[in-house]
Amino acid sequence: RETLRGRLLWEWRMPRVFAAACVGALLGLSGAVFQGVFRNPLAEPYLLGASGGAALGATIALLVPLGLPQSWLLPVLAFAGAWGSTVLVLGVARVAGALDASGMLLAGVAMAAMLGAIRSFLMLALSDETVSLQVVMSWVLGGIQTPTWSGLGWLALITLACLLATQTLARGLDLLGLGDATAQSFGLDVARFVPRAVLLGSLVVAAAVAYGGLVAFVGLAAPHIARWWVGPRHRWVLPASALAGAVVVTVADAIARSVLPPAEVPLGLITAVAGGPFFIVLLARRLRAYGGRA
């Protein structure tokens, strides 16, 4: 009996805990990048359509019989969806002549709305008795899938690569916080840096969505927790955001598994319930700070 319990702990529980930590770290990193790029503490990974594109790609992988193993098809299509949607947002902003942060933000909100509508249509049109809508919904609502140790190794490598890659943005994000003109005077090519940072942040989001579905508010909350710990410098904010996100998602996943046994509550619902009040508090503080102006 002890041997069976040990095998369950080693082969099922531990990989899931580590996977939850990696997904949370990716969400925290992406949130820190987007808040730094847009200089908006209320920005989070879902605004630019990256998570919506990743979710659309994953929905296609779950619903369309493409004849390929779903275990690798889902992350591949999620990556492709996130990357494609971000490229579209940048293209729309470029055509509109609004490649600044606010222009991309508006284009991203519109893209996210369209992608959400397309995803909902596919879920209604393609689900049948062989492909349950509940399977897709459970993924869309967020949930850590228990990986094999080899799969966990790939996720850990992706997380480490994202952490190292986002560190290259730290100085530029600090300079952006001083304003475009000041950043330009310090030698930062803002017109090139902002799209590069957005694409990299979207890649990080894609990795998180591919392995954890749509998990709300972690990308919003983790950078704020990090700045309370280490201050505003992105050299420290980025790794601290990854750590905060890892802790938040790991704890939320444990709650999701244990609150209604033997059923499992979607992880995204847990983070939304906890993150909603957090967002309201942040919004209230921001409104007070600006004298009632958003």
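Please say if the stretch 113-187 is rounded, prolate or oblate, where rounded means a/c under 1.5 for a ≥ b ≥ c the square roots of the C-alpha gyration tensor eigenvalues, and otherwise the choice is prolate for a/b larger than b/c and oblate otherwise?
On the way: a/c = 5.14, a/b = 1.76, b/c = 2.91.
Oblate shape, in that a/c is at least 1.5 and b/c is the bigger or equal ratio.
Over the stretch 92-235, calculate the relative contact order: mean separation of alpha carbon pairs under 8 Å at least 6 apart, over the residue count, as a percent.
Details: 66 pairs, mean separation 45.4, N = 144.
Result for the stretch 92-235 is 32 percent.
So if I place +1 on the C-beta of Lys and Arg and -1 on the C-beta of Asp and Glu, and nothing else carries charge, what would the dipole magnitude of the chain be about its Cα centre? I want it in debye, nearest 20.
Details: 19 positive and 11 negative charges, 145 e Å.
Approximately 700 debye in magnitude.
Just the accessible area for PHE121, please: 1.4 Å probe, Å², rounded to the nearest 10?
About 140 Å², ignoring ligands and nucleic acids.
Determine ³J(HN,Hα), in whole Hz, for all residues of the stretch 197-204 in sequence, where each value follows from phi through the Karplus function 6.51 cos²θ - 1.76 cosθ + 1.60 and θ = phi - 60°; x replaces Gly and Pro.
In residue order, the calculated couplings are 5, 5, 5, 5, x, 5, 5, 5 Hz.
Under a 1.4 angstrom probe, counting protein chains only, how are VAL135, VAL64 ranked by accessible area, largest first? Don't jump to the answer; show the numbers that get you there.
Working: VAL135 85, VAL64 45 Å².
Largest accessible area first, the residues go VAL135, VAL64.
If you add up the charges near HIS234, with Lys and Arg at +1 and Asp and Glu at -1, over every other residue whose beta carbon is less than 14 angstrom from its beta carbon, what do you get?
+4
On a 0 to 90° scale, report how tilted helix 267-289 is relative to the longest principal axis of the chain, with both axes built from alpha carbons and the result rounded to the nearest 10.
Roughly 20 degrees, rounded to the nearest 10.
Measuring with a 1.4 Å probe in the full set of protein chains, what accessible area per residue, in whole Å², belongs to the chain? Don't skip to the end; give the middle numbers.
Values: 14300 Å² over 294 residues.
Counting only protein heavy atoms, the per-residue value for the chain is 49 Å².
So what's the net charge close to ALA254: Lys and Arg +1, Asp and Glu -1, counting the other residues with Cβ under 13 Å from its Cβ?
Working: positive: ARG13, ARG16, ARG257; negative: ASP253, GLU264.
Residues close to ALA254 contribute a combined charge of +1.
If GLU264, GLU44 are ordered by their accessible area, calculated over protein heavy atoms with a 1.4 Å probe, which sequence runs from highest to lowest? Please report the intermediate quantities before stating the final value.
Working: GLU264 95, GLU44 35 Å².
The most accessible residue leads, giving GLU264, GLU44.
Using 10 Å bins from zero, what percent of all Cα-Cα pairs in the stretch 154-294 falls into each bin?
Cα pair-distance distribution for the stretch 154-294, in percent: 10, 32, 36, 17, 4, 1.
For the stretch 168-233, state the average projected area of the convex hull of the C-alpha atoms over all orientations, rounded to one decimal in nm².
Values: hull surface 20.8 nm².
Reported value for the Cα convex hull: 5.2 nm².
With every protein chain left in place and a probe of 1.4 Å, what is the accessible surface of VAL92, to the nearest 10 Å²?
Rounded to the nearest 10, that gives 80 Å².
So what is the diffusion coefficient of the stretch 1-67 in µm² per second by Stokes-Einstein at 4 °C and 1.567 mPa s, using a Kirkwood Rh over Cα pairs? Display every interim value, and only then the final one.
Values: Rh = 14.9 Å.
D = 87 µm²/s.
Quick check: the angle from helix 218-230's long axis to the longest principal axis of the chain, C-alpha only, nearest 10 degrees?
That works out to roughly 60 degrees.
Could you please state how large a percent of the accessible area of the chain is carbon and sulfur, counting protein chains only and using a 1.4 Å probe?
Values: 10000 of 14300 Å².
The computed percentage sits at 70.
Using Cα-Cα distances under 8 Å and only pairs 6 or more residues apart, what relative contact order does the chain have, in percent?
Values: 473 pairs, mean separation 96.4, N = 294.
After rounding, I find 33 percent.
Mean separation of Cα pairs under 8 Å and 6+ residues apart, divided by the residue count of the stretch 182-294: what relative contact order is that in percent? Mind showing how you got there, number by number?
On the way: 71 pairs, mean separation 25.8, N = 113.
RCO, the stretch 182-294: 23 percent.
Can you give me the C-alpha center-to-center distance between the stretch 1-63 and the stretch 234-248, rounded to a whole angstrom?
Centre-to-centre distance over Cα atoms comes out at 14 Å.
Can you work out the Karplus-derived ³J(HN,Hα) for every residue in the stretch 160-175? Use 6.51 cos²θ - 1.76 cosθ + 1.60 with θ = phi - 60°, whole Hz, and x for glycine or proline.
Karplus values, whole Hz, x for Gly and Pro: 5, 4, 5, 4, 5, 5, 5, 4, 5, 8, 4, 5, x, 5, 4, 5.
As an exercise, find the ratio Rg/Rh for the chain from alpha-carbon atoms, using the Kirkwood inverse-distance average for Rh. Walk me through the numbers on the way to the answer.
Details: Rg = 19.1 Å, Rh = 19.5 Å.
Rounded to two decimals, Rg over Rh is 0.98.
Net charge near ILE270: determine it from the other residues with C-beta under 11 Å of the C-beta of ILE270, scoring Lys and Arg +1 and Asp and Glu -1.
Details: positive: ARG257; negative: ASP253, GLU264.
Residues close to ILE270 contribute a combined charge of -1.
The values are calculated or read from the model by the stated rules, or taken from the named source; none is laboratory data. In this text the structure is predicted, and so the values were computed from the model without any measurement. Counting neighbours? That spans all protein chains shown, and the Cβs are built from the backbone with ideal geometry, glycine included. Just the protein is used for accessible areas: all its heavy atoms, side chains included, with ligands, DNA and RNA removed. Shrake-Rupley method; radii C 1.70, N 1.55, O 1.52, S 1.80 Å.
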